[in-house]
1. So residue 327 ticks every box in (1) open to solvent by 10 Å² or more (accessible area, probe 1.4 Å); (2) among the hydroxyl-bearing types (Ser, Thr, Tyr); (3) under 21 Å from residue 358 (Cβ atoms) but one. Which box is left unticked?
2. How many residues does segment 38-73 hold that are in a loop (DSSP other than H, G, I, E, B), crowded, with 16+ Cβ neighbours inside 10 Å and in contact (Cβ under 8 Å) with a residue 60 or more places away in the chain?
3. Tally time: how many residues in segment 370-414 are among the small types (Gly, Ala, Ser), assigned to a helix (DSSP H, G or I) and either free of Cβ contacts under 8 Å to residues at least 60 places away in the same chain or open to solvent by 40 Å² or more (accessible area, probe 1.4 Å) (or both)?
4. I'm checking my understanding of the structure. Among residues of segment 130-140 that are open to solvent by 10 Å² or more (accessible area, probe 1.4 Å), touching a helix residue (DSSP H, G or I) at 6+ places or on another chain (Cβ under 7 Å) and not in a helix (DSSP H, G or I), which one is nearest to residue 290 (Cα to Cα)?
5. Name the one entry in 113, 125 that is out of contact with any strand residue (DSSP E or B) (no Cβ under 9 Å at 6 or more places or on another chain), closer than 20 Å to residue 303 by Cβ, open to solvent by 10 Å² or more (accessible area, probe 1.4 Å) and assigned to a helix (DSSP H, G or I).
6. Since residue 93 meets every condition but one in (1) open to solvent by 10 Å² or more (accessible area, probe 1.4 Å); (2) in contact (Cβ under 8 Å) with a residue 60 or more places away in the chain; (3) not aliphatic (A, V, I, L, M), which condition does it not meet?
7. Kindly indicate whether residue 236 is modelled with pLDDT under 95 and either more than 21 Å from the chain's Cα centre (by Cα) or open to solvent by less than 30 Å² (accessible area, probe 1.4 Å) (or both).
Amino acid sequence: MSKKYILSIDQGTSGTKAIIFDESGKVVIKGTAPLKSYYPQSSFVEQDPVEIYQSVIEAVKKCLSEFSIQFPGEEEHIISCGISNQRETFVLWDNNGNPLQNAVVWQCKRSNSICERLKENNLESKINAITGLTIDPYFSATKVIWLNENNQKVNDAINEGNAYFGTVDTWLLYKLTKGRSYKTDHTNASRTLFYNIYDLDWDQSLLKDFNLENLNLPEVTFSSDHFGDSHFDGVFSKPLPITGIIGDSQAAFFGEECFTNGMAKATLGTGSSILWNAEKLDKQTENGMLTTIGWSINGQINYALEGVIVSCGSTIEWLKNQLELFTSYDQIEPMATSLSDNEGVYLIPAFSGMGAPYWQKEWKASIHGLTFGTKKEHLIRAALESIAFQIKDVIHSIEEETNSSLKELKVNGGITANEFLMQFLSDVLKTPITNMGITDVSAWGAALMAGLGIKHWKSLVDFPKPSSEIIKSYYPKESAEVNKSYIGWQNILKTKTK
C-alpha cells in the first residue's frame, strides 16, 4: 500500500511554512517564505493581504518542488491540506476579492481608544459572557470598528454591504478557491469578539453595538471539514482538498494531544499562551482567564481556558541584549544551576505590564532582594524562575476556576530546551511536564485536523504516536526550597497590588 502524505500550511506573523508530513507524523519536506509587517505609524501593525497569500504559494511551491525531486511520482499520494494561521489578524475585501486596505495584525494597538469607549459604555460584562474574551485591541472587532470610523473606503463598503471580513484562514481559503469558499472554523471565529461561543453563531446584538450590522461574515464550521479544493495557483496538477483549518495556538494545543479535561499546553516563546482543556464552563469567568474554543471535530465542540503571559523569552532576551549578562543561550543553564537556590533574588518581568491572571497594564519590571553578594547568575536564575512562577499563577487560577487539578502540562517552544527551567516548572507545579519533541507542532495540529477531515483517521485514538525517543518528560520532586521561593514571589506581587 502506498504511503499517504498531508500538506500543512502554517501561516505565521513573520512568515509561512509549508510542511509535508507522512502518515506517521514525520516531517518529510519543509518550505518557507518570509512575510513583511508594515508600521504606518506608532502602534499600527499591518501586512499586505496579497503578500500573505503569495507567501503561502511560494512556501508550497518550494515544498512540492523539493518533494517531487526526492519522491518522484509520489505527489498524487498527498491526500489533503490543513491550514494553521496567525490568530486575530484580519482582512477586509470587496465582492470582487480586492482588499479594502492592508490586513490589520493582532499586534496592532490602534483601537486603544475604542476599547476604552466600549468599557465606558459598560459592554465588558456582556462581551465576556458572549465571546469568552475581554475588551482588548488584541482581538479583531475593535480594530474593525476603528477602520469603519476612520477609513472612508471601508465605511462606504460596510454601509453598502460590500465588505467581507475574514481572519487569515478565511482570506487564504477565499483566494485558494478563487472565491468559491467563504468559511472559517470555530477556533478562529472565537477570537474575533463577534462570535457567540455558546450559541455558535455570529452575535447580532454585538454587531449592532459595534455599528457593524452590514458587515459580511463567513460561514463557521468544524475545524475538520471539507472547506474547498485548490490547485494552489497551478502548483498541483489536480485540486487538493482543504480539510482542516485551526488557529495556530489551538493547532499546537491539538497537536500536543490535550484531549482530556485537566490537560494543558504551554507554548513558551516571546510570551506564553497556556490553553487548558475544560469540559464544563461558566459563561462568566473570574481570575482574568479567557474562554475560547480549543478545537471542534465531528459535531463536538471542545472549550478551553486560556491564560496569556506577556514576558517569557523576552525577559531572557533583555538580559542578553540590554544587560549583556551572557552571549550564548547555552550559557544560561550552567549559570542558573551554579546556585543552589535564588537566595532571595526575584525578577518581576512587567516590561509591558503583566498578563493573566494579574492584568496590570501599568506595572513596570522590577528586581528584588539585591545584596552586595548578588551576581549575574542570580539575575539569570531569577528570570528563568519568573517564567515558572507566572505559569504556576495561571494554572492555579484555572484550577480554582474549574475546581479541578492539572494532570499534565505539555510544553513547546525554544526555551523548553532549558532543562533547569523544565525541572523547576515541574517542581513548582507538582505535575509532570512533557515535551513531545515536535518542532512544528502548530503545523502538525493542522495536519491532524486535515487527516480527520479527509477521513484518513476516523477518530483521535487513530492518530500516530510520536516516537518515545524524542519525548522528554520531567517529574516533580518535593523541594522545600522551591515551595519557599514561590511563596516569596507571591509576597512580592501582593505588595505591588496594594
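1. Unmet condition: (3).
2. Qualifying residue count for the region: 2.
3. Number of matching residues: 3.
4. Among residues in segment 130-140 that are open to solvent by 10 Å² or more (accessible area, probe 1.4 Å), touching a helix residue (DSSP H, G or I) at 6+ places or on another chain (Cβ under 7 Å) and not in a helix (DSSP H, G or I), the one nearest to residue 290 (Cα to Cα) is 134.
5. From the options 113, 125, the qualifying one is 125.
6. (1)
7. yes
Residues checked against (1) out of contact with any Ser or Thr (no Cβ under 6 Å at 6 or more places or on another chain); (2) open to solvent by 30 Å² or more (accessible area, probe 1.4 Å); (3) not in a helix (DSSP H, G or I):
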residue: 142; (1), (2), (3): no, no, no
residue: 155; (1), (2), (3): yes, yes, no
residue: 162; (1), (2), (3): yes, yes, yes
residue: 166; (1), (2), (3): yes, no, yes
residue: 180; (1), (2), (3): yes, yes, yes
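The values are calculated or read from the model by the stated rules, or taken from the named source; none is laboratory data. Because the structure is a prediction, the values reported are computed rather than measured. Glycine also receives a Cβ, built like all others from the backbone with ideal geometry; neighbour counts cover every protein chain displayed. Ligands, DNA and RNA are excluded from the accessible area calculation, which covers all protein heavy atoms including side chains. Shrake-Rupley method; radii C 1.70, N 1.55, O 1.52, S 1.80 Å.
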